[in-house]
Amino acid sequence: IPIARIRNFSIIAHVDHGKSTLADRLLEMTGTVLSSGSSQVLDSLQVEQERGITVKAQTASLKYTSILDGEEYLLNLIDTPGHVDFCNEVNRSLAACQGVLLLIDANQGVQAQTVANFHLAKSQNLFIVPVLNKVDLKGANPEACEEQLKTLFEIDPKSCLRISAKTGLGVDELLEEIILRIPPPSSNRDAPLCALLYDSWYDRYRGNVIVLFIKDGHIKVGDPIQFIHTGLQYNVKSVGVLLPKETPTTQLSAGQVGFITCNMRTAKEAHIGDTVHLKGVPVPPLIGFKRAQPMVFSGVYPMDQSQHASLRGAIEKLVLNDSAVTVTIESSAALGQGWRLGFLGLLHLEVFNQRLEQEFDAQALMTVPSVTYKARIKGEKNIKAYGGSEITIHNPSFFPNTQIIEELYEPVVTGTLITPVDYVGQVMSLIIERRGTAISSTPLDTHRVMIQSDLPLNEIIVDFHDKLKSCTSGFASFDYEDKGYVSSKLVKLDILLNGSLVEELSTIVHVSKAKSAGKDMTTRLLEIIPKQQFTVAIQAVVGSDVLARETMKALRKDVTQKLKSGGDMQRKRKLLEQQAEGKKKLRMVANIALPRETFIKVYKR
Ligand code: GTP
């Protein structure tokens, strides 16, 4: 197929607006897959191939004969992860496209992710085809959507298509519009090979399967190739297209997308965004290379140390297919051996957690997520000792002594919230409570408003989304993008039991939240620390200031009490043995025995 009859595009949409349903319909209407009645072909394939659910891009090549000109076209549907957490991945996938379908549920209107995705596509100069979906539903209001698109993005209402991905209404017209509005790739088949690696997955037998967009030239079995970023060289073992099943071909030519295998044995060798060329025939890289930085961290521990090896296996397996997750070994006196995982954002963490639950057939403890702080320290000696004036604080136990801190910094994001007008008051209160500052508020139509606000990442990683949903009866949507670090008044909040520090319970909080966080922690600990035979003072302190205190009354506990009258010696001994056994698993703090369960209860999300 000549380059002029190739279209490479992607569908971008807010969650649940119908991306998978539309992809299925396109596959079905072009005869790529038979109508099976069972929905979501791309998604189910993903599961088969043990791939990340929303994290990874999917590709399908469709052959379509245009009704208008009778010519056969090759439409390459490049699926992108929906969420801007995966903005890096989205960017890479979009780099293989010339246009996008901006899909909007006509029932729900523009949502936060629609805005974020639009800006991503716009920043890459892609042609945008606005598509209003679910017009078969009674509540659908395509006119309101058109108004929102005009207000927000200056999209001409006349350019909006109305479809039902479910019934197929308007989808044939959409296929024609893809051909008319999205240009073919500007590729050159006579130039040397230059291709973009925008997706890959690991296969036990063949090594990485690599998905490429061939910008220029050709690639075929036996070609010696080299990747620019890694500098590594391989020989191509197989080549093919994704229909969406892998289908071998003799070669891939400029303008096409497809897969290759080349005996690449570790997932780490495949860098999404890397450029490949023929060995000895270098080309400039197609896109700049920037590694995604993890923003949200969480500790992962087996509930029981005997499950350590199998949990490690599960984590290793998952990381093979998601190189954006960072893994470091962590150990805690209370919880034993575990790992500290870094994620691109909240959704990324959630997706991983869900996959871990499926892969690992025991329960894992995932600790409350946290962010990474930064500190600038003073004093030549200290700077030398730390190897630089700026240090990164991944864990509260590395919080430097306040005397040597010049300034502290925390990560912030720019949040986009879309809410019905009636809830603006509640939403603004929530933003203020979370230390946010509203930047702008834009009415989208008569009913809905978009609010943009800077928020500390730390304030949204735990329950912001739930709170937002509950204070707007589920109507608001939220999305965010990274905005870097800002100076902040942070303190380390410590927990003392009878004056002794419990290191594992320290947290880093904003000074304005220290008192309430301290109160919250002490009251929770009062409930979950087992009663002792003496009084225990539970204090939350910052430096030498006590911010909150609870007192746990003494309890005299004698496990053999009930048996005193019965005098069954054997049972009595057994109980005492059990108690001694239990003690071994305890963490001692100032004579106070804290069982693992206490920490698990504190840390649990
Ligand atoms: P994520 O994969 O979570 O991002 O969702 P998605 O955007 O892929 O949405 P999906 O295709 O899974 O559709 C979400 C829901 O909307 C499903 O229950 C679909 O059956 C339904 N849906 C999709 N398109 C239409 C449509 O045109 N009309 C109606 N009535 N329902 C639709």
Ratio Rg/Rh [Cα only; Rh per Kirkwood] for the stretch 167-287: 1.03
Space enclosed by the convex hull of the alpha-carbon atoms of the stretch 441-561, per residue, Å³: 163 Å³
Gain upon complete extension [L169, H308; 0.36 nm per residue less C-alpha separation]: 44.8 nm
Net +/- balance of residues flanking R5 in space, Cβ distance below 12 Å, scoring K and R +1, D and E -1: -1
Rounded if a/c under 1.5, otherwise prolate or oblate - the stretch 64-195, Cα gyration tensor axes: oblate
Rounded D (µm²/s) - the stretch 492-537, Kirkwood Rh over Cα pairs, Stokes-Einstein at 10 °C, 1.306 mPa s: 139 µm²/s
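Here is the link list: K158/K469; K317/K601; K134/K245; K237/K268; K513/K553. Which ones come out longer than 24 Å on Cα distance?
Table pairs above 24 Å Cα-Cα are K158/K469; K317/K601; K134/K245; K513/K553.
Which value, in Å², gives the accessible area per residue of the stretch 388-473 when a 1.4 Å probe is used on the protein heavy atoms?
45 Å²
Tell me, what is the per residue accessible area of the stretch 483-528 in Å², probe radius 1.4 Å?
Heavy-atom accessible area per residue stands at 48 Å².
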Reachable aspartates and glutamates from K279, criterion Cα separation under 19 angstrom, eight or more residues apart if same chain: D190, D216, D223, E269
Portion, in percent, of the accessible area of the chain that falls on carbon or sulfur, probe 1.4 Å: 52 percent
Over 21 Å [Cα-Cα, the stretch 316-450], rounded percent: 63 percent
Cα-based radius of gyration of the chain once divided by 2.2 N^0.38 Å, which approximates compact folds: 1.12
Cα Rg, Dmax, the stretch 365-418, angstrom units: 14.3, 50
Summed residue charge, Cβ within 15 Å of G379's Cβ, Lys/Arg positive, Asp/Glu negative: 0
Rough spin-label spacing in nm, given labels placed 7 Å along Cα→Cβ, for H465 and K268: 3.0 nm
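The values are calculated or read from the model by the stated rules, or taken from the named source; none is laboratory data. Worth saying up front: this structure is predicted, and the values here are computed from it rather than measured. Cβ atoms come from the backbone with ideal geometry, glycine included; neighbour counts cover every protein chain shown. Areas reflect the complete protein model, heavy atoms only, side chains present, ligands, DNA and RNA absent. Shrake-Rupley method; radii C 1.70, N 1.55, O 1.52, S 1.80 Å.
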